[in-house]
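A.B. asks: Submitted below is the structure of interest, expressed as structure tokens.
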Amino acid sequence: MIQKIYKYRPLSDFLFKELQYQELYFASYQELNDPFDLNVRIDFSVEKQEYISELVRYLFKTTLILKDEKLTSRKKQNNSKLVEFIHDEEKCARFEELIYGHIQSAKGTERYLFFDMLETAIVRSIRELKLKFSFDLANFRSEILRITSKFLNNSYATCFSEDPANFLMWSHYSSKHSGICLEFSLQGIAGFNYEMTGPRKFDEGKPGDRYALGHIPFRQFVDSVSRVNYGEEQPCVNFFDFAPVFANEYDVDLINLSKSKWHGYARHRQNLFLTKTKAWQY
């Protein structure tokens with residue numbers, strides 16, 4: 001069981017601010033020193049044909065144009081045929097069947113199936129079914145990447161070591177051996193103790209009064225610290241596993257992860273932060 005963890009820091013004004021206020025800096029995924037960390041790839045591998053309906057719904061959502069200023073006569077016509085198609089259950093079912101077949105064929109023995117192969121499968125299915133409209137595959141791709149980045153942007157990480165005397169860590173992270181190494185004691189089973197402040201509460205008076213007495217409450221938490229896993233490659237996010245997230249990006253409970261139905265997605269996202277390629281294991 002881990003009893004102590006360490007953090008190598010260079011000497012700087014920022015370090016003294018951390019010490020003075022007893023704070024730790026949590027970095028966004030864009031700030032991590034490995035540019036491939038969390039450069040998340042979306043995998044479209046699918047086990048069951050019935051899941052393809054989630055993909056078709058998202059294709060519909062990212063193709064249908066509702067803003068009048070963007071509607072040319074050609075796009076209006078595409079809209080009309082798209083709506084007509086989505087209400088034809090028999091044709092939709094056949095379309096899903098074709099996409100599923102092409103996905104399985106394209107994937108073969110590969111571990112993952114990415115955008116390019118998926119788009120090829122969709123285009124082939126459109127041609128075979130002789131559909132009279134087109135899906136906006138460019139917008140489909142950009143929307144998925146936008147939402148993926150949006151939820152990664154809500155996540156932050158801070159890193160520690162189990163070794164306070166690592167030569168390379170002193171070199172890379174402590175101003176070439178001239179910095180310091182902070183020591184943290186853990187509670188319980190790798191428990192890390194931290195506090196979170198809340199909004200100011202008024203004991204006397206109210207906001208806007210010239211004189212008002214109040215206090216700022218804080219809560220104390222103990223959270224777990226997890227070891228980094230080192231693998232041959234970065235993990236992927238499977239579109240079909242995360243389809244509810246892509247479909248509900250404005251759900252307040254999802255954004256705040258305040259409902260248990262969303263906690264599984266938070267754990268998966270945490271796993272992304274805990275995985276690095278073996279090149280960094282040294």
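A.B. asks: Return the residue satisfying two criteria in turn: it lies in segment 62-74 and is in a helix (DSSP H, G or I) and free of Cβ contacts under 8 Å to residues at least 24 places away in the same chain, and of such residues it is nearest to the chain's Cα centre (by Cα).
C.D. replies: Within segment 62-74, the first condition is being in a helix (DSSP H, G or I), and the residues that meet it are 62-63, 68-70, 73-74.
In the following step, the residues that additionally are free of Cβ contacts under 8 Å to residues at least 24 places away in the same chain were identified as 68-70, 73-74.
Details: D68: 32, E69: 32, K70: 30, S73: 37, R74: 36 Å.
Checking each candidate, the answer is K70.
A.B. asks: A further question on this structure: Six or more apart or on different chains, Cβ under 7 Å: which pairs go from a residue in segment 122-149 that's modelled with pLDDT under 95 to one that's outside any helix (DSSP H, G or I) and of a type in the set (D, E)? Could you list them?
C.D. replies: Sorted first by the residue in segment 122-149, then by its partner, the pairs are I147/E249.
A.B. asks: Can you tell me which of (1) open to solvent by 90 Å² or more (accessible area, probe 1.4 Å); (2) at pLDDT 80 or above; (3) of a type in the set (V, I, T) is the one V228 doesn't meet?
C.D. replies: Condition not satisfied by V228: (1).
A.B. asks: Would you mind finding the one in L19, L64, L82, L71 that is under 30 Å from S185 (Cβ atoms), modelled with pLDDT under 95 and open to solvent by less than 100 Å² (accessible area, probe 1.4 Å)? Before you say what the answer is, go through the steps one by one.
C.D. replies: On the way: L64 fails: under 30 Å from S185 (Cβ atoms); L82 fails: under 30 Å from S185 (Cβ atoms); L71 fails: under 30 Å from S185 (Cβ atoms).
Result of the check over L19, L64, L82, L71: L19.
A.B. asks: Out of all the residues in segment 147-167, which are within 30 Å of the chain's Cα centre (by Cα), exposed (fewer than 13 other Cβ atoms within 10 Å of the Cβ) and in a helix (DSSP H, G or I)?
C.D. replies: K150
A.B. asks: Just a yes or no: is a residue in segment 11-24 in contact with a Gly (Cβ under 6 Å, 6 or more places away or on another chain) and over 23 Å from S149 (Cβ atoms)? Please lay out each step first, then the result.
C.D. replies: Residues of segment 11-24 in contact with a Gly (Cβ under 6 Å, 6 or more places away or on another chain): 11.
Imposing the further condition that a residue be over 23 Å from S149 (Cβ atoms) reduces the set to 11.
For segment 11-24, residues in contact with a Gly (Cβ under 6 Å, 6 or more places away or on another chain) and over 23 Å from S149 (Cβ atoms): present.
A.B. asks: From the list E90, E119, E96, E110, pick out the single residue that is without any contact (Cβ under 8 Å) to a residue 24 or more places away in the chain, under 18 Å from E50 (Cβ atoms) and of a type in the set (D, E). Can you show your working first?
C.D. replies: Numbers: E119 fails: under 18 Å from E50 (Cβ atoms); E96 fails: without any contact (Cβ under 8 Å) to a residue 24 or more places away in the chain; E110 fails: under 18 Å from E50 (Cβ atoms).
Selected residue: E90, the only one of E90, E119, E96, E110 that is without any contact (Cβ under 8 Å) to a residue 24 or more places away in the chain, under 18 Å from E50 (Cβ atoms) and of a type in the set (D, E).
A.B. asks: It is to be established whether one or more residues within segment 176-199 are at pLDDT 85 or above, open to solvent by less than 70 Å² (accessible area, probe 1.4 Å) and not in a strand (DSSP E or B).
C.D. replies: Here is the first cut: in segment 176-199, the residues at pLDDT 85 or above are 176-185.
Imposing the further condition that a residue be open to solvent by less than 70 Å² (accessible area, probe 1.4 Å) reduces the set to 178-182, 184.
With not in a strand (DSSP E or B) added as a condition, the list becomes 178-179.
Taking every residue of segment 176-199 in turn, at least one turns out to be at pLDDT 85 or above, open to solvent by less than 70 Å² (accessible area, probe 1.4 Å) and not in a strand (DSSP E or B).
A.B. asks: Now, a different point. Answer yes if at least one residue in segment 50-59 is open to solvent by less than 100 Å² (accessible area, probe 1.4 Å) and not in a helix (DSSP H, G or I), and no otherwise.
C.D. replies: We begin by selecting, within segment 50-59, every residue open to solvent by less than 100 Å² (accessible area, probe 1.4 Å); these are 51-56, 58-59.
Now narrow it down to the ones that are not in a helix (DSSP H, G or I): none.
No, because not a single residue in segment 50-59 is open to solvent by less than 100 Å² (accessible area, probe 1.4 Å) and not in a helix (DSSP H, G or I).
A.B. asks: A further question follows. Please find, within segment 231-258, the residue that is nearest to R200 (Cα to Cα) out of those that are modelled with pLDDT of 85 or more and open to solvent by 70 Å² or more (accessible area, probe 1.4 Å). Can you show your working first?
C.D. replies: Step one: of segment 231-258, the residues modelled with pLDDT of 85 or more are 231-232, 236-254.
With open to solvent by 70 Å² or more (accessible area, probe 1.4 Å) added as a condition, the list becomes 232, 241, 250, 252.
Values: E232: 48, D241: 40, Y250: 28, V252: 23 Å.
Taking the candidates together, the pick is V252.
A.B. asks: Could I ask something else about it? For Y112, all conditions in the list (1) surrounded by 13 or more Cβ atoms within 10 Å (Cβ to Cβ); (2) in a helix (DSSP H, G or I); (3) of a type outside the set (A, V, I, L, M) hold save one; what is the number of the exception?
C.D. replies: It is condition (2) that Y112 fails.
A.B. asks: I would also like to ask the following. Sort out which residues of segment 245-282 are assigned to a loop (DSSP other than H, G, I, E, B) and not basic (K, R), and write them in order of number. Write out each step before concluding.
C.D. replies: Restricting attention to segment 245-282, the residues satisfying the condition of being assigned to a loop (DSSP other than H, G, I, E, B) are 248-251, 256-259, 274, 281-282.
The answer is N248, E249, Y250, D251, N256, L257, S258, L274, Q281, Y282.
A.B. asks: Given the conditions (1) outside any loop (DSSP other than H, G, I, E, B); (2) under 19 Å from the mean Cα position of the chain (by Cα); (3) not aliphatic (A, V, I, L, M), which single one is not true for Q77?
C.D. replies: Single failed check for Q77: (2).
A.B. asks: If the requirement is being closer than 30 Å to W280 by Cβ, modelled with pLDDT of 95 or more and buried (at least 18 other Cβ atoms within 10 Å of the Cβ), which of these qualifies: F95, F44?
C.D. replies: Working: F95 fails: closer than 30 Å to W280 by Cβ.
Sole residue among the options that is closer than 30 Å to W280 by Cβ, modelled with pLDDT of 95 or more and buried (at least 18 other Cβ atoms within 10 Å of the Cβ): F44.
The values are calculated or read from the model by the stated rules, or taken from the named source; none is laboratory data. Please read all numbers here as calculations on a predicted model, not as lab measurements. Methodologically, a virtual Cβ is constructed for each residue, glycine included, from the backbone with ideal geometry; neighbour enumeration extends over all protein chains shown. The area values use the complete protein model at the heavy-atom level, side chains included, leaving out ligands, DNA and RNA. Shrake-Rupley method; radii C 1.70, N 1.55, O 1.52, S 1.80 Å.
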